[in-house]
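Here the structure comes first, spelled out in structure tokens, and everything after it is commentary.
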Amino acid sequence: MGKYKIAIVNSSSFGKIFHDQLEQLEKIGDVRSFTVDGEIGGRELAELLQGYNIIIASVTPFFTQEFFNHKDELILITRHGIGYNNIDIEAARKHDTLVSIIPALVERDAVAENNVTNLLALLRKTVEANQSVKNDKWEDRANFVGRTLFNKTVGVIGVGNTGSCVVEILRNGFRCNVLAYDPYKSALHIESHGAKKVDLPQLLKEADIICLSASLNEENYHMISTEEIAQMKDNVYLSNSARGALLDEEAIVTALKSGKIAGLATDVLEEEPGRKDHPYLAFSNVVMTPHTSAYTMECLQEMGAKCLRDVEDVVVGKVPERSVQAKSTHVR
């Protein structure tokens, strides 16, 4: 087993809380953690990771065709997460590299919960009210009159694992009238979770609140931009726990300035990490968390265990569970 070299790239959590997982990994091969710029070039990344034949990957950096063109042997990229839009899957296949992800059910409850948590913090002005108390301004409480979530019409974009859970929370927990847009899901699927299937224009027109839970692909990049915002109600609220690039950030900023959007809750940005000078943070009616929707003890324990199992599988010649594509040849 000494031939295996394992790189943990840009993960802020793997092995940091559940040390036994890191110890098990170290029994399999040499392990090293790397922190790189999220926009690092493919060739530079490949050169940095020369000799490493297993990678535990975060949401960044991007493992592009250029990366694979310059990378030496790479058996496996196991994503410490459910998305894989930062990995060129076809280039990985041609390079004979397995790519595996966390089963969506592992993150489902935690991510859906955080979408609604951030939304509630936004609606009820929780962050500002908490800061006011810390500043010994209890008497300013009349500044923090919020909006209730109960009985609102909420549009949910994306009704897969996470989105379907968001629908259930809103419908069953807050008696919301839930409209759902997902071109890949049937009306029966959507109705089984408690929402009504609608097209995007109807959702934009009727929703008081919009929750984004869609995976990112070429078709829905910047799916909420100037044209879509114009179709929304005035004073609409948005909550995004999916991918930052679903929103055209420049258009969102313009709508926050005009008041068309009454508030934004987001756990994700188009370019991460975000910094204190991000345009969203100029607004008091924005709640931003640092991509922590999956950061519960329960979720992280199972995510780390899954990545460990993937590594254990490939070193004995097994294809890991939830591999995005099979290798073009046999597993070593």
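The values are calculated or read from the model by the stated rules, or taken from the named source; none is laboratory data. Here the structure is a predicted model, which means the values were calculated and not measured. Glycine gets a Cβ as well: all are built from the backbone with ideal geometry, and neighbour counts include every protein chain shown. The protein model used for the area step is the full one, side chains on, heavy atoms only, and it has no ligands, DNA or RNA in it. Shrake-Rupley method; radii C 1.70, N 1.55, O 1.52, S 1.80 Å.
Just to be sure before I move on: is LYS257 in a loop (DSSP other than H, G, I, E, B), open to solvent by 40 Å² or more (accessible area, probe 1.4 Å) and farther than 26 Å from GLY38 by Cα in the structure I sent? Taking the combined requirement at face value, the residue does not satisfy it. If you check ILE56, ILE87, ILE101 for being in contact with a Cys (Cβ under 8 Å, 6 or more places away or on another chain) and β-branched (Val, Ile, Thr), only one passes: ILE56. Scanning the range 1-28 for residues that are touching a residue at least 60 places away in the same chain (Cβ under 8 Å) and over 27 Å from MET297 (Cβ atoms) gives MET1, TYR4. Has the range 31-46 got at least one residue that is open to solvent by 10 Å² or more (accessible area, probe 1.4 Å), farther than 30 Å from GLY173 by Cα and free of Cβ contacts under 8 Å to residues at least 24 places away in the same chain? Yes, some residue in the range 31-46 is open to solvent by 10 Å² or more (accessible area, probe 1.4 Å), farther than 30 Å from GLY173 by Cα and free of Cβ contacts under 8 Å to residues at least 24 places away in the same chain.
Scanning the range 24-39 for residues that are polar (S, T, N, Q) and over 22 Å from GLU66 (Cβ atoms) returns GLN24, SER33. Within the range 182-193, is there a residue that is over 30 Å from ASP88 (Cα atoms), in a loop (DSSP other than H, G, I, E, B), modelled with pLDDT of 95 or more and touching a helix residue (DSSP H, G or I) at 6+ places or on another chain (Cβ under 8 Å)? No, because not a single residue in the range 182-193 is over 30 Å from ASP88 (Cα atoms), in a loop (DSSP other than H, G, I, E, B), modelled with pLDDT of 95 or more and touching a helix residue (DSSP H, G or I) at 6+ places or on another chain (Cβ under 8 Å). Taking the range 230-250 as the range and being of a type in the set (A, V, I, L, M) and out of contact with any His (no Cβ under 9 Å at 6 or more places or on another chain) as the test, the residues that pass are ALA230, MET232, VAL236, LEU238, ALA242. Against the conditions (1) farther than 20 Å from VAL166 by Cα; (2) touching a Leu at 6+ places or on another chain (Cβ under 9 Å); (3) in a loop (DSSP other than H, G, I, E, B), ASN217 satisfies every one except (2). In the range 139-150, the residues that are within 15 Å of ALA262 (Cβ to Cβ) reach residues that are at pLDDT 95 or above and open to solvent by 80 Å² or more (accessible area, probe 1.4 Å) with C-beta atoms within less than 8 angstrom, at least six apart or across chains, in these pairs: PHE144/ARG124; GLY146/ARG124; ARG147/ARG124.
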